[in-house]
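In what follows, a single structure is set out as structure tokens and then discussed.
Computed from the coordinates by the stated procedures, all read-outs in this text should not be read as laboratory data. A quick note: this is a predicted structure, and the numbers were derived from the prediction, not measured. Note that we place each Cβ from the backbone using ideal geometry, even for glycine, and neighbour counts take in every protein chain shown.
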Amino acid sequence: MGSQRTVRAIVVSLVITAVTAAAVLFLGFDRHAAGDGGALVSYNTVDMRAQMLKNGDLRITQTFDYRLRPRGTPWRQMFQQYTLSSDRVTSISDISIKDLTTGRVYTQDTTVHSPGGYDDYGWNSECAGRWYIADITRSQTDPEPYHAELDALTPTAVGEPKQAKDVEIGWNIPSTASANSMRFELSMTWHGVSTAYDDVVALEWEPFSAFNATPAARVTGTFTFPEGIGESNSWAWLHTGAASETTRGDDGSLRFTVTDLPSGEYINVVVMTERRPDSAVARTQAGAMKRRILNQEQREAQIADDDRRRRARGRIVMWSIPAVLALILAVAALIGAQRACAQARKATEGFVYWREPPDMSPAAAAALITDVMPGIQGAVGDRQMTSTLLSLVTKGAVAVYPGSAAGYRGIDLSRADCVSVGQLIASDPRREADAADMCTLVIMPRVYTDRAGLRLCRSESALLDVLLRASERVGLPVFDFSQMQAALKDWRQGYAWLRGFEDACNAEYQALHATVPVGAGARVLGMLAMVVSALTALIYTGVYGQIALALVISLPLLFASAFAMSVSPRQALTPQGEAYAGQVAGLMRYMEDFSEFSDRGVFDTVLWGRYMVYAAAFGISDKLMEQMERAYPQLADPQWVDAHASNDGLVYWSARRNRAMRSRGSGIHFVFGGAAGGGSFGSMVSSSFSSVGSTIRDAMPQSSASGSRSGSRRSGGGGSFRSGGFKGHSGGSGGGRGGAR
């Protein structure tokens, strides 16, 4: 493919991939940070600890970390609402609330204050720092008082007529416009939660119900048993549709973690323990319940497992469609690029040395070497103009002398010889300094009297026309490049003359019929694959929230697509072009290695003048001079140069190391348009990879699943509390829902 083209393609592909990766990470982080869906109030975290007492009650401590967004009016009140039921939970008592951010312990208030009835000062002084519990069964805007003992419900067995009421525990905070974190601890005792059957004691604890409207980024919970109850004589299940993990502690306690709990999603913990002789549970019901609960949980686990598998397969299909499309396009683009590169490489291998100027103009050689050997230094247009100007010098159409035109006032440069001018410059330090910064161009008299005898090619003739027009505007046939630049500064027709030169260069190159277009299909396919890969990355991240898929699927495909598009050559040589390519590439190799040849012959100024023309076309003028000086050490002797190189000004000034001439050789192009010379990410990614792996494993048929996760899923109804949660039934005790006002 060409090492330079390959390296360039790799660099371009890496840059494109890196930019896309940055966009993917930014989008993923932004989506991760906004996992609450933009809710005005949400939980950063919720930590819950529930202790099952011997009488079947629950002592619960919940820590809420609130995030409050600005809404125009201040936040003043937090609340948690629960449903009391005679067959689930009969009363809530022993309530305490503490602001963990400030350390303030709130006091109970019998009055429920409306947040909208106060200004900030009145609210903060009269209401803030107090909590209440109220009966909201009939009205949330006009709640009734609630007393834990007087208003407690009488326990009833399952299936018997039951009573129910809704209560709200709220606490008044200081007026707050917004907060990234406000932490509160709510402790309480739930009574009458458990039911004792003949064989087991069962309960359901639902801290978040399907009616909860406040999302949570992370919920953790710990459920501990009374003494004597452990993993061997207890069973438990976590019901939730959100991503979850469950484990058992060494003491048999239940521990669970739920991430990205959206509004409307419940958490229901089902617990069953072996009934002990000393059981003091108030609610009792005759009959055995263990097998019924086990069977129900196994059925629900199987249903949830099948549903999860169906949804996982659907997600994989949706993930795969754009990925497969991008893969097909990328592979097709790579195959097309490989074929185009092979076609281009086949014609450029095995070039041998070529010792004569090629059978084409310098401008055509500058264009052809660019296609044959990518990575040539200098823009092709600059090399065409420089080499063509030097060719005009070798053919005697123009002459170039170091220094400004003012330094040659009174000297007829059309008749001057290089030796006398060189000695004049060497004798005057001011002229030496001037010679280093400027070049003077001379239109030779022969141009006006015998132009046909110069035998100029089309590009040389076109450039000579440009120089003649510049001479007319200056008013003299002798001018330096500074004068030329000033004269052509406002020349409106100048671009047309320059375009004529460029058209002539293109026509000469096209007349060679040296190349044919290749790789267009690969570039089109590569571009399409890039677009599809980039869109796939954005879909994976923005729609599905799977940054892992974007990193391991989309970005590699994007890199491959960009590489195929960048590495594919645009031209390949024709059989006729191979012969021309052999001349230019062989001559370039010859000039770069000239000093190594023992058969180089005597110093020939005419031949070396043409070498220098084509060296400029190839962008290796400095290398050629190094080779020439190594091959002919006598060039270091000024007297030898005066005697043997004076009949060719181009060779003479180059041999005298006239840097001004060599650096300004492309100065003419400067006249026409430019100088020629010279929240953390780590956790986000980890979470995403874990989620992708779970989805892939969930999509596997049960008969094919071989991991511990698959076995756990199938036994999810066993009650070990080690297999994660599943979408079982809701409706447990409490039916918690919370928020802020």
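Rounded to the nearest 500, the helix-only mean residue ellipticity at 222 nm of the chain stands at -14000 deg cm²/dmol, with each DSSP H run of n ≥ 4 adding -39,500 (n - 2.57). Its convex hull of Cα atoms gives region 287-439 a direction-averaged projected area, equal to a quarter of the hull surface, of 22.7 nm². Average 1/r across all pairs of distinct alpha carbons in region 98-147, invert it, and you get the Kirkwood radius: 12.2 Å. Calculated from the structure at hand, P(r) over Cα pairs in 10 Å bins from 0, in percent is found among (1) 3, 11, 15, 13, 10, 8, 7, 8, 9, 9, 5, 2, 0; (2) 3, 12, 19, 21, 18, 12, 8, 5, 3, 1, 0; (3) 3, 14, 24, 25, 19, 11, 4, 0, 0 as (1). Ordering 554-560, 197-203 by mean Cβ neighbour count within 10 Å, with the highest value first, yields 554-560, 197-203.
For the pair region 79-123 and region 527-593, the centres of their Cα atoms are 64 angstrom apart.
Looking at the chain, the DSSP beta bridges with both ends there are about 90 percent antiparallel. Of all lysines in the structure, those lying under 24 Å Cα to Cα from LYS162, and not within fewer than 8 positions of it along the same chain, are LYS54, LYS290. Given Cα pairs under 8 Å that are at least 6 residues apart, what percent is the relative contact order of region 22-175? Rounded, it is 27 percent for region 22-175.
Anisotropy class assigned to region 524-566 is oblate, per the alpha carbon gyration tensor with a/c at or over the 1.5 cut-off and a/b no larger than b/c.
Is the shape of region 127-224 rounded, prolate or oblate, going by the alpha carbon gyration tensor and its root eigenvalues a ≥ b ≥ c, with a/c under 1.5 for rounded and a/b larger than b/c for prolate? Judged from the Cα gyration tensor, region 127-224 comes out oblate (a/c at least 1.5, b/c at or above a/b).
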